[in-house]
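Structure first, then comments.
The values are calculated or read from the model by the stated rules, or taken from the named source; none is laboratory data. Keep in mind that what you see is a predicted model, and the values were worked out from it rather than measured. Please note: Cβ atoms are built from the backbone with ideal geometry, for glycine as well, and neighbour counts cover all protein chains shown. In case anyone asks, the SASA skips ligands and DNA or RNA and just uses the protein heavy atoms, side chains included. Shrake-Rupley method; radii C 1.70, N 1.55, O 1.52, S 1.80 Å.
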Amino acid sequence: MIGRLRVIVALLLLAVSSAMADSPVRFASVDVYIDTTEPMAAWQLEFSAATGVMQIVGVENGDSEAFDGAPYYDRDAVENGRADRIVVADYSLEEQEELPNGRVRVTTLHLMLSGDEAPEFDTRLIVATSHDGVSINAEISIEISEGSTK
Amino acid sequence: MITISPKWVYRFAAFTLVAGLFAGCAQYSIPDAEPVQEPEPATDSNQGADQRLEEITVTGSREGTWRPANRSSMPGGASMAGFAGESAEGAALPYAGDEEIWVIQKHAATSAVAPTDDPGTGAMVATVDSKEVPLPLQHTGVNAQINGYISTVSVRQEFTNPFDSKIEAVYLFPLPEKAAVSEFLMIIGERKIRGILREKEEAEAIYEAARSQGYRASLMVQHRPNIFEQKVANIEPGKSIDVDIKYFHTLKYNDGWYSFVFPTVVGPRYNPPGHSDPIQAVPRQDTTSQDTAVRYLRPDERSGHDIRIDVSISAGVEIEELRSTHKIVANQADEQSASVQLAAGSTISNRDFVLDFRVAGETMKSDLLTYVDPETQQGYFTMMLYPPEVTDNLERRNMEMVFVIDSSGSMSGTPMAQAKDAMLAALDHLQEGDTFQIIRFSDNASQFGQAPVPATRQNIKRAQRYVANLSGGGGTQMIEGVKAALDFPHDPARLRFVSFLTDGYIGNEAQILGEVQKRIGASRIFSFGVGSSVNRYLMERMAKIGRGAVAYLGPQDSGYEIMDGFFNRISHPALTDVRIDWHGMAVSDVYPSVLPDVFVGRPIVVTGKYLGHASDIRVLGRQGNNDHSVVIENSNDTSSAPQLAKTWARMRIADLADRKTWSAVPYDEIGEEIKATALRYQLMSDYTSFVAVDTSERTEGEYGTTVHQAVPVPDGVRYETTVEKN
């Protein structure tokens, strides 16, 4: 099943700190979660900004040890000046019992935002599969935060 | 033969949907072979004066060499090398050499710097506010997987802040000149953040914005094809940030030996007055020079930075012998595979690590490797032709030899002595019918004769005295040497060879290469890189433009012996006026665009794109006064994987970068082509950089002081004569 979620984060992103108010750009991170009912061995998602100006500045690994490395992104995200959309994916070669089952953070996307318009993000799960390569039911969700000062 | 278990094949098929999308950018990790022994990381040293012959710790071999003892099949532990089609599984051994540069001599296999027994080894100290503290770069880990002739290398740089306030670490470091950097990770604890390849200015702007706002960030920029800069921002006191980079490159090949090189230090470069893009050599304490200056440790200082190198080789054919510039521990998995580690206590970081392995080469004289991109159906190929093994049946040609020797300050001492020995060897081999000239340059240039003189006994004796009186001192105005060597008329009755003997410690490479291109005419250029950390980029580009070759003389090498072998080969060319009949194969974007001559020991390698079917390709040329042709064997191997596409892309970028220095095509237009190619194939270049930002948390306070990582001067180089003073 392909899940789809649109999240409007205008209020959050407008609540910038005073130190950042004068900055031409600001940064935010987006935690991406996938919730499955059976072990997941591979996933692929598309993340984009329907409004506002967004650039991907990092793609981080998630919480599952079965997906040890940082996920991959597609070259379309940077080719021909295309910076407002990214396709991210990862896979695991671990045994089934080692694969995540249930809700798990699969990646954190690091973003640089600019312009006055509040971005509106689209997140679309393209596919999630079992270790046999079979598509499985899954839901996708995200949580957005700005980098907080310690 | 590398094996892939059915499980992996099955899973690979299952994940094609996901992984296939990233055919142009994803690089799958390859597990390391199990080492037979766990060596301690090597430790920096700058004890260049105490040198000794190196010992190689081997398993199942005789002293000084390594030979496989176990003939059984390869253990399954390394079978993942075939995953995603990255290995040359089942392939005949592909050519291992530089596609365009003939390397006729590398550093000798046995030379080393003795480890120090001084207390405190492993703690390079820097004076900051009158305190002695370590520098940020603590460790470099190198893990290389060699499949056939392609090496995939992972490098981890570990930065730690030893100060009591935040810092930005800046480190200027070398990589192989042909390194295609395709992956970049910033690692903070268990968190791994994949960097994004961006246009260079864009990446720098992102990094600066993140740095100024207190976010941890890293940026990797290419300053030369072989010099890179790593910046890591907002490292808090006592905290660490690691950077992982992955690159691949084709190995060099010479006379049956494949050579893996990991350079460790950027050699000091002489920058002529007014040069706009210098890479300065300055003392560690220098705080005024630009970021691209290399900070050097004084001779009595050492770095706590240590290094570990692990190399896993799957040659595809039998490995007959191993050798290295450093003390290594070697182990064989089977006759075609070996794992090698830098031995405990081996010093490394002020000279290049070189690992050579000799392979059985009797059965193959030519080959063709192909790969078809499943998305675009675009084909990529690498074609190779091996030359005859001996010169016995080749005709000697009369020669016009021009020697150009660098007599600047950085050449004083051992490098100058070696260069002199090499020239004396060449003079001994000149024959009646040959002519020669000797040109020296430092701050200026002067020459032995007004024009090339006949190789009479009297002239050779005079030349020997001239050479004996040469000494090192002054700057490196190489441009004067280039002009003097190439500006006089060529004698068409003789093959003209221009031989540069230099460490190449200059910063105006582009200017030099542009002048060489303008003036090259019918000359062939043979570069002799002298010293322990030669400017290989300059040496090899000169040889490429000059359709010649390059040789490297390490501190332990005999200049006389190397020139002796070199001279025999170039005086007996195996094939000149080389061209290729593609036999209906639709070939485009072929590199090199101008094919070099074929000499004994020098293979021809051509890389390009194609459509159609590859068969019955012939290399044509002249051998002596007769036409000659060689049919290229097609191994029908299509398992060489996406590296062939990136190899082609790296070659294209290198060719475009070369053309910038002499082409009539507008500079910006070439730059756009480089940028587009780099982004399309996800490679670092002059126009693209990797940047990674951790936006999850802002660090407190100002972004702190920039700390430049200081490095030792290369082994054999005198700090006093090469590092600029404040």
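Data overview
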read-out: Segment B:452-462 - phi-based ³J(HN,Hα) in whole Hz, Karplus 6.51/-1.76/1.60, Gly and Pro as x; value: x, 9, x, 7, 7, 4, 5, 5, 5, 5, 4
read-out: Area of A:Thr51 that stays accessible when all protein chains are in place (1.4 Å probe, Å², to 10); value: 40
read-out: Residues whose placed amide H lies under 5 Å from that of B:Phe403, excluding near-sequence neighbours; value: B:Gln437, B:Ile438, B:Ile439, B:Ser499
read-out: Assigned charges on the beta-carbon of Lys, Arg, Asp, Glu; segment B:298-350 dipole about Cα centre (debye); value: 360
read-out: Solvent-accessible area of A:Tyr33 with every protein chain in place, 1.4 Å probe, in Å² to the nearest 10; value: 30
read-out: Placed amide H near A:Val57: partners under 5 Å, 5+ positions off or other chain; value: A:His110, A:Leu111, A:Met112
read-out: Rounded to whole Hz, the Karplus (6.51, -1.76, 1.60) HN-Hα couplings of segment B:202-219, x for glycine and proline; value: 5, 5, 5, 5, 4, 4, 5, 5, 5, 4, 5, 8, x, 8, 6, 8, 9, 9
read-out: Stretch gain in nm, segment B:Arg579-B:Ala417, where the contour uses 0.36 nm per residue and the Cα spacing is subtracted; value: 54.3 nm
read-out: Cα gyration tensor shape of segment B:535-651, rounded if a/c is under 1.5, else prolate or oblate by comparing a/b with b/c; value: oblate
read-out: Cβ-derived FRET efficiency at R0 51 Å, B:Ser593 paired with A:Asp116, nearest 0.05; value: 0.55
read-out: Backbone N within segment B:503-530 under 14 Å of label point (7 Å from B:Asp487 Cα along the Cβ vector); value: B:515-516, B:518-520
read-out: Under 5 Å, built H, 5+ apart or other chain: amide partners of B:Thr688; value: B:Lys200
read-out: Phi to ³J(HN,Hα) by Karplus 6.51 cos²θ - 1.76 cosθ + 1.60 over segment B:683-693, Hz, x for Gly, Pro; value: 10, 5, 7, 4, 10, 10, 9, 9, 9, 9, 10
read-out: Contour excess over end-to-end distance, with Cα ends at B:Asn398 and B:Arg465 and 0.36 nm allotted per residue; value: 21.7 nm
read-out: Rounded to whole Å, sorted largest first: equivalent-ellipsoid semi-axes of segment A:24-149, Cα gyration tensor; value: 27, 14, 12
read-out: In nm, spacing of pseudo-spin labels at B:Ala522 and B:Gln377 (7 Å Cα→C-beta vector); value: 4.7
read-out: Gain upon complete extension [B:His613, B:Asn626; 0.36 nm per residue less C-alpha separation]; value: 1.7 nm
read-out: Relative pair counts by distance (%), Cα atoms of segment B:441-561, 5 Å bins; value: 2, 10, 19, 23, 22, 16, 7, 1
